[in-house]
Every structure is written in C-alpha cells, then in structure tokens.
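The values are calculated or read from the model by the stated rules, or taken from the named source; none is laboratory data. Small disclaimer: the values here were computed from a predicted structure and weren't measured. A quick note on method: Cβ atoms are made from the backbone with ideal geometry, for glycine too, and the neighbour counts reach across all protein chains shown.
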Amino acid sequence: MKSLSKQPEEWTRRDFVSRAAKSLLGLSVLPIGTHAALKTIKPAKAKNVIYLYLAGGMSHIDTFDPKPENKDIQGPVSTLKTNVPGIIVSEYLPRLARQMDQLAVVRSLMSTQGAHEQGTYFMHSSYEKRGTIRHPGMGSWILKLDGLHNERLPGNVSINGGSRSIGSGFMESKYAPLTIGNPEEGLQDSKRPSYISEKSFRERLDLAEALDAKFERKYDLKEVRAYKDMYADALRLMKSEDLDAFDINKEPKHMQEAYGDNSFGQGCLLARRLVENDVRFIEVNSGGWDTHTNNFTTVPDKAEELDQALSALLTDLKERGMLDETLVVVATEFGRTPEINSNDGRDHSPTAFTSLLAGGGIAGGQVYGKTDAAGKYVTENEIKIPDFNATIAHAVGLPLDQVVTSPSARPFTVAHKGKPVMALFG
C-alpha cells in the first residue's frame, strides 16, 4: 500500500482520487494483490475510445464472418476479398474491405445472454443484469479510474443512445454519459437565453444556491450531491471555450458527406470532433440490427451505413494522426442464427458473434478466433464478454485488478475479472 505520510504535493492524481472517494463519495479504489503486480500492465497506447454499438444483434454471417461454402446458411449474400490476403467479408462492406489492414476482426465472441436488454447490459458492463444493483459502463470506469483529459468538457458522451444508454450505475452521476439525441443538433440548451442578462442570470444562481445551502448541509447524500454537481457541470460547460466541439456544422460539407447522411454517420463525425477535444469515451449507437424478419433487405442498408461511417472515421483519424491514440470498437449484443427462418430473417444467437477493434495499439489486418462451418459456435480462441471488455480497458491503461466498492460495500472491477486478449495488440 502507498504510504499515507506523503505530503500533499507528493500525492499522485490516483492517490487523491482514492482518498477523496473514501472520504466523500462512500467509494474506495483498492488494489488486489501487490503494488508491483499493477506495474506489469504495459503503458496505455489509447487516450480515448470511440465505441460504435450496433443495437439489435448484427448478423456476423452477413457481414464479417461469411460462410460462402454453405449456400443454405449464407443465403443470397456474396463475399469480397479484402486488402489482406485470406480475409473475406460480405459484399455489403466494400470500403472496409479496402481498409482491412487497419482492423482486427474478432470472430469468437460468446455471450451467456440471448435477450436484447440483458445482452446489451452484459456487453457494456461485463456483469449480468441484476435487480439489486446497477453496474457502470466502460465510460464511467474510465473517468472513475483515470479521470478527465479536458476539464472543460464532459468525459463520457452517448450519441443516439437515448434511454438505452448505460449510465454510471452505483457510481456518482458525474461519471454518467452526457446524452446527445441528434448529432446534427449538437448540445441543446447549452447557452444562456438571450432574454436573460448575465447579471440577472448570476443573481438567479446565487439565490438558488442560498436557498439550497441549508438543505445540502443537512442532507449530505449522494443524490443531493449529484443534483448540485449537475448544475456545476452545466455551468462549466456553458462557459467552455470548447463548446464548438459539439457542432458538426463547423465541418466542411465534403467531410459531413463522407460520413453518410444519417444519424449514425453524423454521430461518428461528432465522435471524431470530441476525441479531437480530449473527450475520453464516446459511444455512437446504430439501431435496427434486429433482423428476425427481412434480414436480406435490412442488413444491406445497415451495413452500408456502417461501411461508410466507419471507413470515413478510420481514414479521418489516421490522416489527423489520431488513430494510434484512439481505440475504435464496433460491438453488438450477440449474433444471428445460421438458420434462415420463415420470415426470411435470422434469430438471436449468443453462442458466436463478431466485433471489431482498430487503433489504440491494436494490430490491424488480422482475424482472431474462428467459428464452425455454420457460424453457430466458436471453435478457436473463444472470448467471453468480460475478456473483451478487459481488452478495451487494457488498451487505455486502466488497472484491471483495482476494486471499486459500491455504497453497499460490494466489490467490483472494471471487467469483472476478465483477462485482456494480448494477441490483438501490435
């Protein structure tokens, strides 16, 4: 354990967060094992994460794990060679086929959760959904364990997610994501109304603070502090010089067009602007991947959006010299069945599915893991959800073996004892 006899100027940032958490928040950050064990983690390469979530369950067979040798399973979908010999993808992904050298295709994910709500929760938190506690998402863990890089902007942002966004769970609300409903509208209600003068605005705030002070002193509770923090964060953001980061209309027209004329593509453009301003974690949600019916008319449209947006994002990050320090993740809650049902669709299949990783120290141009001839089960290098999330956490340098205790004194780690897949790193 670190010595408690340090002078304040000798404290590291993590010392301060740990001590403050114990005394103020009812949370603690404690190591499992020795301090020396923590030093075995390699230095982080990624500063930020862009997490693209394909809600509904992307069909891996119709995208990144095709089975052309079995026409009954593959259906009417042909394949493309990529710029990496031996790796093929579906015909719906021509742009990404030309950028496969930037991507690691993880074909061996396996989940224990086969329903949307439970699968999404598990994918984001590494913990199965319980009625007694809410677990934090990865963005909250990053802020809790490693803090902000830009004090003037939120460190955790969710785009297009709405009520489906995974929040801060048992952690303080200041670690929760700021939700953006429409990326083209930016951050709404972020400026003082024109009909209220600066003086009047300040007077109203001072009055509200005076009225609240007695209540806050009497009830020093998490919920009360969260309410006060919300106002403080909102005021700080209103005054931030970096507020333009949320305005994609500042981008040239050709750049907006490159990402695609849809909320997912524009959300990816907004995500790039935010990491450019040192926002730590941005999730962009793409809905509509639940293809129980009309799989072969829905997937082409959704894949086209993904193909254009992700291709533009990778190109943009690389040209700006930001790809090495930005981990890009493409995730979904489970895959789809090899069987084609009577509605020309595919049903839920959590036993094998695909995700993608790029940048942030990941070695591109590789396929990790393998499924059987039907794409139903993993046959090589199975990755459980906590291990996948541990890989993300490792990429940004989070201490995987540090415990955060909830207000009820229950211990949790960022990836629920998951182990990072080191073969994915360059």
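For the stretch 130-145, a residue qualifies if it is assigned to a loop (DSSP other than H, G, I, E, B) and in contact with a helix residue (DSSP H, G or I) (Cβ under 7 Å, 6 or more places away or on another chain), and the qualifying residues are His135, Pro136, Gly137.
Restricting attention to the stretch 257-267, the residues being in contact (Cβ under 8 Å) with a residue 12 or more places away in the chain and over 22 Å from the mean Cα position of the chain (by Cα) number 1.
Considering the conditions (1) free of Cβ contacts under 8 Å to residues at least 40 places away in the same chain; (2) over 26 Å from Pro76 (Cα atoms), Thr298 is excluded by exactly one of them, (2). When you scan the stretch 54-63, do you find a residue that is farther than 18 Å from Arg336 by Cα, in a loop (DSSP other than H, G, I, E, B) and either in the same structural domain as Trp289 (by TED's automatic domain parsing) or touching a Gly at 6+ places or on another chain (Cβ under 6 Å) (or both), even just one? No, the stretch 54-63 has no match at all. Of all residues in the stretch 349-382, those that are of a type in the set (Val, Ile, Thr) and surrounded by fewer than 24 Cβ atoms within 10 Å (Cβ to Cβ) total 4. Name the residues in the stretch 389-411 that are under 21 Å from Leu109 (Cα atoms) and in contact with a Ser or Thr (Cβ under 7 Å, 6 or more places away or on another chain), would you? Asn389, Leu400 - these are the residues of the stretch 389-411 that are under 21 Å from Leu109 (Cα atoms) and in contact with a Ser or Thr (Cβ under 7 Å, 6 or more places away or on another chain). Can you name the residue in the stretch 80-133 that is surrounded by 21 or more Cβ atoms within 10 Å (Cβ to Cβ) and of a type in the set (Gly, Ala, Ser) and is also nearest to the chain's Cα centre (by Cα) among such residues? Here the residue is Ser125. Out of Lys45, Lys67, one residue alone is at pLDDT below 95 and touching a Gly at 6+ places or on another chain (Cβ under 9 Å). It is Lys45.
Kindly check whether there is at least one residue in the stretch 158-166 that is buried (at least 24 other Cβ atoms within 10 Å of the Cβ) and in a strand (DSSP E or B). For the stretch 158-166, residues buried (at least 24 other Cβ atoms within 10 Å of the Cβ) and in a strand (DSSP E or B): present. Checking the stated criteria, Leu148 turns out not to satisfy the condition of being touching a strand residue (DSSP E or B) at 6+ places or on another chain (Cβ under 7 Å), part of a loop (DSSP other than H, G, I, E, B) and either among the hydrophobic types (A, V, I, L, M, F, W, C) or at pLDDT 75 or above (or both). Check Lys81, Lys71 and return the single one that is basic (Lys, Arg) and closer than 16 Å to Gly375 by Cα. After applying the criteria, what remains is Lys71. Candidates in the stretch 414-426 are the residues that are in a loop (DSSP other than H, G, I, E, B) and touching a helix residue (DSSP H, G or I) at 6+ places or on another chain (Cβ under 9 Å); of these, the one that is farthest from Pro399 (Cα to Cα) is Val421. In the stretch 344-360, the count of residues that are closer than 30 Å to Gly321 by Cα, assigned by TED's automatic domain parsing to the domain that holds Asp101 and of a type in the set (Val, Ile, Thr) is one or more. Annotation note: Cβ proximity below 6 Å between a residue of the stretch 123-144 that is over 17 Å from Pro407 (Cβ atoms) and a residue that is among the polar types (S, T, N, Q) and surrounded by fewer than 24 Cβ atoms within 10 Å (Cβ to Cβ) (sequence gap 6+ or interchain) occurs for Lys129/Gln118.
If the condition is being more than 15 Å from His149 (Cβ to Cβ) and surrounded by fewer than 23 Cβ atoms within 10 Å (Cβ to Cβ), then the stretch 274-287 contributes Asn285, Gly287. Scanning the stretch 344-384 for residues that are of a type in the set (Phe, Trp, Tyr) and assigned to a strand (DSSP E or B) yields Phe353, Tyr368.
The number of residues in the stretch 271-305 being out of contact with any helix residue (DSSP H, G or I) (no Cβ under 7 Å at 6 or more places or on another chain) and basic (Lys, Arg) comes to 1. Scanning the stretch 90-129 for residues that are in contact with a Pro (Cβ under 8 Å, 6 or more places away or on another chain) and assigned to a loop (DSSP other than H, G, I, E, B) yields Tyr92, Ser111, Thr112, Gln113, Gly114, Ser126.
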